[in-house]
1. Within region 51-65, which residues have the backbone N less than 13 Å from the label spot 7 Å out from VAL100 along Cα→beta-carbon, could you tell me?
2. Place the peptides 14-20, 510-516, 439-445, 233-239 in order of packing, highest mean first, counting for every residue the other Cβ atoms within 10 Å and averaging per peptide.
3. If you put +1 on each Lys and Arg Cβ and -1 on each Asp and Glu Cβ, how big is the dipole of the chain around its Cα centre, in Debye rounded to 20?
4. Suppose each label sits 7 Å from its Cα in the direction of the beta carbon; what would the SER511-ALA130 distance come out to in nanometres?
5. Given points 7 Å out from each Cα along the Cα-Cβ axis, report the SER119 to THR355 separation in nanometres with one decimal.
6. Near LYS306, which lysines are there with a Cα under 29 Å away, not counting those fewer than 8 places off in the same chain?
7. Show me, for region 267-276, the HN-Hα J-couplings you get by feeding each phi into the Karplus relation (A = 6.51, B = -1.76, C = 1.60, θ = phi - 60°), rounded to Hz, glycine and proline as x.
8. Could you quote the convex hull projected area for region 283-428, Cα atoms only and averaged over all directions, in nm²?
Amino acid sequence: MISQLARLDVRDPAGVFAARQLGRGLAGMLNLDRQDQVRVATAVSEISRSAVMAGLTAVVTFAIDDADLVLAVTMSGDPPAGGIVPVQRLMDQVTVDGRVVRMAKRRPPGVKPDRRQVSEQLAAARSRSALDELRRQNQDLIVALDDLREQKDQLVALNAELQETNRGVMAMYGELSSELEQTNRGVVALYAELDETSERLRAASESKDRFWANVSHELRSPLNSIIGLTRLLAEPAPDGGGLDSERLYQVELIRNSGGTLLNLVNDLLDVAKAESGQLRTDPAQVDLPALLGRLRGLARPMTESKPLTVTVSADGAPSVILTDELALTAILRNLLSNGIKYTDRGEVRLSTRVTGPRLEIIVTDTGIGIPAGLTGHVFEEFYQVPGVRRGGTGLGLPYARRLARILGGDLTLTSEPGAGTTAVLDLPLRTPHLGTVLLADDDARFRAVLRGLLDGLAGRVLEAADGTQALAMAHDQPVDLVLADMRMPGLDGGALLARLPAAVPAVIITSADQPVPPRAAALLRKDELSRERLEFTIRAVVRGPS
Ligand code: ADP
């Protein structure tokens, strides 16, 4: 709601002064701050002055609404444009409606003007001289200058504060980056130490395998001789004489101990070979039901006189599987023999299950089981569950798992103490289809051979004549598998592999007799290369969708 406070006619410069004084006076009454008082006074005097200068007369009304001090200047002609522009900078709102210029300035809330005071202001404004107004304006100017100086001082102080803060931030930043640098140095050193440790571990593990392999070789011949000799000793002599029963029993003991020792030595040799990557596989299409049949025949006598059924079921098993027959037999023989060894009554059952592109061979038993928390340990070399010694060396499961991984699969075990154990051998059954295979070999004829072998296995085959070219190709496009020759001009196979993206599986194909290089997933020998061997290797190193 608008409520009018005062009204003033402006016809000459004296009227302009009066309008100015009244504007400031009313603004002061309404509690506008000093600067806003000057703004209102200047706006009203400027607009009135522009009217008088243009030969017009003006009627100025001062009013308030709920939020603003509202001024309306009604002129006797069109308001001169020169008077509007400065006013727009001084007031919050300015509108021109025909001959009326309306202006508003926000005022502090809740102040009610006193009518009597308004009348006094009006009377004072009318009676004041130009000199009074000049004095008043000078005072305003001095105050404005003081304000300006104060603001400048504040600005200088603020600037100094800002500089101080900046210095603080810079110091903190410096501290942080030196701390970061130190941390980084620590991390780098830690990684170097880790690399060194793992290199030492690798070397230690290699020398352990070498030691085992050598010792086992050296021990096998004398052990075989001992066992042979005990057999001879136990046989009746040609002259009909022989050992008495007590001696015979002792010789039998020697032979049994020799046999146990020979088993241990053989196991050691197997594990050492598998660990060092020297185990040669001979992949072929293996008749699985026939293999299971042989295992059935092998396992049944192992139960001795225990009330135990051994079932080897070939139901649902695929008729052939591309794998290494000896390795697969060794794994399954070990699982069956463990099942029988650690089960006193009930059943040991081998069954198969095809799940998508993979085959699971499952051996379950109703035996003593393995205490909770120890199933992970049984894959450690020489580990045997404490208090459960039934012969054996503790090398069977680690060897079986190693073989399973060489076959591109894995071996896992679950167990419930007192209820039984289930071992699952998971093997690849189909070859995953590869999108792009990259061949790196300087021998174009051999690349052609490989290309032929890959027919139907890969969507696209890229060829590179050296490591540098191969590396560029592998960075340019996604590659599913790299087959690289070891010896190539420039960047050789080892160097190429070291620079390939870590996620790309790589196989070395070489005619040199050498161990698998560290970054290679497998090694194929050129003279032994066949479609089956290549496919078997692809299954082992490229995990297809399961
Ligand atoms: P071992 O020659 O002692 O059988 P393994 O490496 O084959 O060695 O097994 C390691 C240990 O795991 C065994 O000593 C035994 O304690 C436990 N174990 C393996 N298979 C079974 C099973 N089917 N039931 C219960 N315990 C088992």
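1. Residues 59-63 fall inside that zone.
2. Details: 14-20: 23.6, 510-516: 12.7, 439-445: 18.6, 233-239: 10.6.
Highest-to-lowest ranking by the protection proxy: 14-20, 439-445, 510-516, 233-239.
3. Numbers: 63 positive and 70 negative charges, 345 e Å.
Approximately 1660 debye in magnitude.
4. Computed distance between label sites SER511 and ALA130 equals 11.7 nm.
5. 10.2 nm
6. Answer for LYS306, where 29 Å is the Cα cut-off: LYS341, listed by chain and number.
7. So the J values, rounded to whole Hz, are 4, 4, 5, 4, 4, 4, 5, 4, 5, 7.
8. Details: hull surface 32.6 nm².
Spelled out: convex hull of the Cα atoms, projected over all directions, averaged, 8.1 nm².
The values are calculated or read from the model by the stated rules, or taken from the named source; none is laboratory data. Nothing here was measured: the structure is a model prediction, and the numbers come from that model. Glycine gets a Cβ as well: all are built from the backbone with ideal geometry, and neighbour counts include every protein chain shown. Areas reflect the complete protein model, heavy atoms only, side chains present, ligands, DNA and RNA absent. Shrake-Rupley method; radii C 1.70, N 1.55, O 1.52, S 1.80 Å.
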